[in-house]
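Scroll down for the structure; my scribbles are underneath it.
The values are calculated or read from the model by the stated rules, or taken from the named source; none is laboratory data. If you're wondering where the values come from, they're calculated on a predicted model, not measured in any experiment. Please note: Cβ atoms are built from the backbone with ideal geometry, for glycine as well, and neighbour counts cover all protein chains shown. The protein model used for the area step is the full one, side chains on, heavy atoms only, and it has no ligands, DNA or RNA in it. Shrake-Rupley method; radii C 1.70, N 1.55, O 1.52, S 1.80 Å.
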Amino acid sequence: MYAIVDIAGQQFKVEAGQEIFCNRLAAEKGAAVEFDKVLLVDNEGKVKVGAPYVKGAVVKATVLDDTCKADKVLVFKKKRRKGYQTLNGHRQYLSKIVINEIA
């Protein structure tokens, strides 16, 4: 059984027991969260597609860590023959969650 769910503006294909990294949530470490924006549910071949969301479908998860950081992204800008160049780095904050069940 899997579901496609909208978590913090991104869509994820999730299954029970799966650990995923998503954009930072406003929940503390160890908190239980529920996502009701479920776009699709597949239960052993029985597919339910929402318009836009499946009614009554909820994905329950637990926050494992709320201060993870993604890999560093380097932003390099340069204008040729002008002596201008700059290098910036950025690391996005993420939340690590584990999917408990799809109901």
With the condition being under 22 Å from Thr67 (Cα atoms), without any contact (Cβ under 8 Å) to a residue 12 or more places away in the chain and open to solvent by 30 Å² or more (accessible area, probe 1.4 Å), I'd like the strands (runs of 3 or more DSSP E) fully within the stretch 3-46 carrying at least 1 qualifying residues. 10-15
Would you please name the residue that is nearest to Asp6 (Cα to Cα), looking only at residues in the stretch 47-68 that are surrounded by 10 or more Cβ atoms within 10 Å (Cβ to Cβ) and in contact with a Leu (Cβ under 8 Å, 6 or more places away or on another chain)? Tyr53
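Can you tell me which residues in the stretch 70-81 are assigned to a strand (DSSP E or B) and either surrounded by 10 or more Cβ atoms within 10 Å (Cβ to Cβ) or on the phi > 0 side of the Ramachandran plot (or both)?
So in the stretch 70-81, the residues assigned to a strand (DSSP E or B) come out as 73-79.
The answer is Val73, Lys78.
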So the check is Cβ under 6 Å with 6+ separation or different chains; which pairs have a first residue in the stretch 61-86 that's of a type in the set (Phe, Trp, Tyr) and a second one that's modelled with pLDDT under 95? none
Any chance Val63 is at pLDDT 95 or above, among the β-branched types (Val, Ile, Thr) and closer than 12 Å to Phe21 by Cα: yes
Would you check if Val75 is touching a Leu at 6+ places or on another chain (Cβ under 8 Å) and within 30 Å of Ala3 (Cα to Cα)? no
